[in-house]
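The values are calculated or read from the model by the stated rules, or taken from the named source; none is laboratory data. Computed from a predicted model, the values in this text were never measured in an experiment. Because the Cβ atoms are built from the backbone with ideal geometry, glycine has one as well, and the counts that use them run over all protein chains shown. Each accessible area value is taken on the protein alone, full model and side chains, heavy atoms only, with ligands, DNA and RNA left out. Shrake-Rupley method; radii C 1.70, N 1.55, O 1.52, S 1.80 Å.
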Amino acid sequence: MAKRKHENKDQDESAKKPKEDIVLPPVINSNEPVQRQKKWINKQRVLVLSSRGIGYRSRHLMLDLRSLLPHSKPESKMDNKDKLFVINEMCEMKNCNKCIYFEGKKKMDLYMWLSNVPRGPSAKFLVENVHTMSELKMTGNCLKASRPLLSFSKEFEQEEHWQLLKELFTQIFSVPNHHPKSQPFFDHVFNFSIVDNRIWFRNYQILEEDASLAEIGPRFVLNPIRIFEGSFGGPTLYINPSYTSPNEHRRMLRRSVAAKYLMKVESKKGHESRKPTNSSYDLDPTDDFFTVTPEDVG
């Protein structure tokens, strides 16, 4: 009984002691280990995976996002025959509540799914103009596992579907405070801007000298297709009316090229039909009816 009373006194004393916050110095050396604070409340984890058959550029883009998001978890490639609802079970096994899924089709088209697991919502985008970090060779640079600042343009507050996408981007791309794998400072910015009904993603470094920005990469453009109520499915909340699929776009290009060829063939046929068969023009025999020669006079 005495031992139990002594243990209870120690527990009460430890509970009464206030938790001291760790004050970080203004200048931190990146080589020194950072003291961790036990205040990790927002435990957001993002599962980043892709389907089989994506191109090398899409794979490098996925690896760049994994390196920029320290709260992300990797997963092996998913088979194309599996349904998208399987990803919800994969996120549950990995203890993740957000997901970024890259879906490749025909080895040329790349789609990105952003989902809040397991209740939704989720959004599907067509990824265009992809440029990876190794491809751009920008002058900017940031420390690995540092927390980013999120910057959104004012167009995200104008319509409801942009507001929903803004909240989804905020929850997925923002690194939680005091995350065990993150650094406790900000040195780069994720910029989301809307131009031509598309979302343009840029990553900038915050320079120490004059707080100017230098682009790091990667850069890509997201063309929204649909927003679903559930995770990877469910009722449709929004459909982009100005969206054209890559197959339809390629079909229109082939039709335009075929139309140019047909116009060229028709113009050539018209030129051949208007071309005279004789070397000179045919003369009217009645033109010389009133002409008088010296032989006729004699």
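Could you work out which residue, out of TYR111, TYR261, TYR101, moves most in a Gaussian network model of the chain, that is, has the largest mean-square fluctuation with Cα springs under 10 Å?
Largest GNM mean-square fluctuation: TYR261.
No other cysteine beta carbon under 4.7 Å away is the test; run it over the chain and list who passes.
If one checks each Cβ against the other cysteines of the chain, CYS99, CYS142 turn up with nothing under 4.7 Å.
Would you compute, for the Cα atoms of the range 39-119, the largest minus smallest coordinate along each principal axis and list the three values in descending order, in whole Å?
45, 26, 17
At a 10 angstrom cut-off on C-beta neighbours, averaged per residue, how do the peptides 237-249, 53-65 rank from highest to lowest?
53-65, 237-249
Going from most exposed to least, what order do HIS271, HIS188 have by accessible area with a 1.4 Å probe?
HIS271, HIS188
If one takes the longest principal axis of the Cα atoms in the chain, at what angle in degrees, from 0 to 90 and to the nearest 10, does the Cα axis of helix 2-16 lie?
50 degrees
Quick check on the range 91-199: what are the equivalent-ellipsoid semi-axes from the Cα gyration tensor, as sqrt(5λ), descending, whole Å?
22, 20, 18
Calculate for the chain the 222 nm mean residue ellipticity that helices alone would give, adding -39,500 (n - 2.57) per DSSP H run of length 4 or more and normalising by residue count, nearest 500 deg cm²/dmol.
-9000 deg cm²/dmol
For the range 223-270 and the range 49-109, what is the centre-to-centre distance using only Cα atoms, to the nearest Å?
If we compute the Cα centre of each part, the gap is 26 Å.
In the range 162-250, what percent of the accessible surface is made up of carbon and sulfur (1.4 Å probe, ligands and nucleic acids excluded)?
53 percent
Going highest first, how would you order 148-154, 172-178 by mean Cβ packing within 10 Å?
172-178, 148-154
Any idea of the accessible area per residue across the range 116-205, 1.4 Å probe, to the nearest Å²?
50 Å²
As I understand it, the value is the acute angle between the Cα axis of helix 56-68 and the longest principal axis of the Cα atoms of the chain; what does it come to in degrees, rounded to 10?
Taking the Cα atoms of the chain, the angle to 56-68 is about 30 degrees.
Over the range 104-166, what lengths in whole Å, largest first, do the semi-axes of the equivalent ellipsoid take, defined as the square roots of 5 times the eigenvalues of the alpha-carbon gyration tensor?
25, 20, 14
Looking at the range 136-239, which GluC sites (Glu not before Pro) are in a loop (DSSP not H, G, I, E or B) and have at most 16 other Cβ atoms within 10 Å?
GLU159, GLU208, GLU209
Just the Kirkwood number for the chain, please: inverse of mean 1/r across all distinct Cα pairs, in Å, one decimal.
Across the chain, the inverse of the average 1/r is 24.3 Å.
How fast does the range 141-298 diffuse by Stokes-Einstein, in µm²/s, taking the Kirkwood radius from C-alpha pairs at 25 °C and 0.890 mPa s?
Taking Rh from Cα pairs, D becomes 108 µm²/s.
Treating the angle as unsigned and between 0 and 90°, give the value, to the nearest 10°, between the Cα long axis of helix 246-274 and the longest Cα principal axis of the chain.
Taking the Cα atoms of the chain, the angle to 246-274 is about 10 degrees.
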